Amino acid sequence: MTTERFRHPRIPRALALWVLGLTLGGCSIGPRFHAPSAPSVARYTMRSHPATTMKARGPAGSAQRFVPSMAVSARWWTAFHSPDLDRLMARGLRNSQTLKAAVARLEQARAAVAAEEGIFYPQVNGDLGASRQQSSFGSKNSGPNGIYSLYTGGLSVSYYPDIFGANRLVYRSVEAQAQYQRDEMLAAQLTLVGNIATTAILAASERTQVAATEAIIRSEARLLALTRLQYHAGAVPYLAVINQESQLATSRANLPALKQQLAVSRYTLATLVGELPAAWRPLHLRLRNLHLPERLPVSLPSELVRQRPDIRAALEQLRYANATIGIADAQFYPVVQLTASFGQESLQPDKFFSPASNIWSIAGSLLAPIFHGGTLRAQRREAIAQYAGTLAAYRQTVLDAFQQVASSLRALAHDAQALRDQRDAYDAARKALHLAEESYRAGAIDSLQLLTNEALYSQARIAYVRAKAQRYLDTVGLYTALGGGLGPVQAAQSGLLQQTNASHRKTQQ
């Protein structure tokens, strides 16, 4: 028997080397992931957009020049040269609970990746125990009453060799989820700063509209007083007084709605920066203090898919779905487990470390699927369908991104034209009202003509304020549509991402 055991000593060694080779090399299962190619288009719009926008008189009327391939700064809002806007952004990035929740999800995903790395290493456990037991009187180890003590201790090792690459696929799927959470966090940051800028500009516009409406009300109140004097002097009929009172009442009725819009914008801004509306001390951002950026970036269409965090997040979801197919494929392959244990077992404490108390075991097992009633094939079809749906969602995300950039480019050009037209309409209405007021005082025109000019001026003034605000809003829309400067390189330099990376390194130490 002893002779037979050692007759071919190289066979177990060769078998061990073969298993080791499979473990180190692994077998490639599952489809290889290939990222979808970027859309092969040279521009975002059907027709080439102009190199510059139109220029208008007054604030927000500067011409803006589109610069192809210009990098988008991660702090793009500083291009407006507004200290108040910079302070709002700093408060939002520091206090936003939505952003903090996204950071926490990223940390959770990174911890899951670190935990999943353990599948590549043997699992070692130690145990130490002592027990008091009673056995039958016939047991040779028991005392006179069948009672004895047992002392045990040792180490156990278990290892699942990644022969077919299933462990690597599981790890890649978890890693893809971590990358997805990273891009989701950056997308949340982009949404936050875009919403802060948009809401702050809207609040400034609404504040200006409120001031303009109040000035119109004061002017119309003076005209009403003048009309009453003319009526008492017999110069105009009582109908002129009624008409002027109606115009003043209409202007006053518009004021509460504007103030409500301003209040909503202020409270929304408070929530965006992580503060309660009751404790919010608004920063009175004003349109006249905003500088319109005169050089605007226009990224290449092929670069947009790498710049936008939401597209990169959709790509990581696609990578996860691809790994899921591989995991489903791995279910058709055997699972190998290697286990070993060694330690001590003794009835007497003083003999616990004696050679006679040594115990050990080495085992290997292989579990292979034979019949599962079609479950494994159905799970693979499910994974393939999931990948197809994720791919469609990715492509839709790309389409939405290109549509947003195209709309922003057209809005910048069209709203520059609209501002120039509104400025012309405002200047004309202001001159017409001034002439009408002088003519009315001189008795050259009646009150109906004056009221008509008042209404036209009021409409033109409010429309001009909105047109100015829209140019700033369009600029914000372009920055956010291009990814807000949170591409791979800029994201690595982002203060928020640096903060989470430092926290991650500190956790691992």
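The values are calculated or read from the model by the stated rules, or taken from the named source; none is laboratory data. For clarity, every value in this text was computed on a predicted model and none was experimentally measured. Neighbour counts run over all protein chains shown; Cβ positions are idealised from the backbone, glycine included. Remember, those area values only see protein heavy atoms, side chains included, never the ligands or the DNA or RNA. Shrake-Rupley method; radii C 1.70, N 1.55, O 1.52, S 1.80 Å.
Details
- Relative compactness, the range 192-237, computed as alpha-carbon Rg over 2.2 N^0.38 Å: 2.04
- Convex hull volume of the range 212-361 per residue (C-alpha atoms, cubic angstrom): 431 Å³
- For R420, the accessible surface of its heavy atoms amounts to roughly 90 Å² (probe 1.4 Å, protein chains only, rounded to the nearest 10).
- Acute angle (nearest 10 degrees) that the helix 375-441 long axis makes with the longest principal axis of the chain, alpha-carbon atoms: 20 degrees
- Accessible area of the chain divided out per residue, in Å², using a probe of 1.4 angstrom: 56 Å²
- The dipole here belongs to the range 267-368: it is taken about the Cα centre, uses +1 on the Cβ of Lys and Arg and -1 on the Cβ of Asp and Glu, and is about 720 debye.
- Sequence-distant contacts, meaning Cα pairs under 8 Å at least 6 residues apart, place the relative contact order of the chain at 27 percent.
- Taking the accessible area of the range 238-392, probe 1.4 Å, and keeping the other protein chains in place, the carbon and sulfur fraction comes to 59%.
- Mean residue ellipticity, 222 nm, helices only, the chain: the sum of -39500 (n - 2.57) across DSSP H runs of n ≥ 4, divided by residue count and rounded to 500, is -21500 deg cm²/dmol.
- Exposure rank, largest accessible area first [F80, F120, F342, F371; 1.4 Å]: F371, F342, F120, F80
- Taking the Cα centre of the chain as origin and assigning +1 to Lys and Arg Cβ atoms and -1 to Asp and Glu Cβ atoms, the resulting dipole is close to 640 debye.
- Charge dipole of the chain about the Cα centre (unit charges at C-beta), most positive-ward option of S219, S365, F332: S219
- Normalised by residue count, the range 404-461 yields a Cα convex hull volume of 62 Å³ per residue.
- Sequence-distant contacts, meaning Cα pairs under 8 Å at least 6 residues apart, place the relative contact order of the range 313-422 at 33 percent.
- Ranked by the mean number of other Cβ atoms within 10 Å of their residues, highest first, the peptides 453-461, 157-165 come out as 453-461, 157-165.
- Global size of the chain as Cα Rg and Dmax, reported in angstrom: 37.7, 138
- Distance-filtered residues of the range 79-94 - backbone nitrogen under 16 Å, label point 7 angstrom along R295 Cα→Cβ: 79-81
- Once the Cβ-Cβ distance of V157 and R306 is raised to the sixth power relative to R0 = 41 Å, the FRET efficiency obtained is 0.40.
- Placing R0 at 30 angstrom, the Cβ-Cβ distance between A221 and A278 gives a FRET efficiency of 0.30 after rounding to 0.05.
- Spin-label model distance (nm) - L391 vs S341, 7 Å beyond Cα toward Cβ: 4.8 nm
- Sites A363 and L255 - FRET efficiency at Förster radius 60 Å, r taken between beta-carbons, to 0.05: 0.10
- Label point distance in nm, A42-Q403, each placed 7 Å from Cα along Cα→Cβ: 2.6 nm
- Placing a pseudo-label 7 Å from each Cα along the Cα-to-Cβ vector at H81 and Q133 gives an inter-label distance of 8.6 nm.
- Computed from Cα atoms, the angle from the helix 447-481 axis to the main principal axis of the chain rounds to 20 degrees.
- Between R441 and A111, the contour length at 0.36 nm per residue exceeds the Cα-Cα span by 110.9 nm.
- Extension gain, I242 to F352: 0.36 nm times the residue separation minus the Cα-Cα distance gives 28.5 nm.
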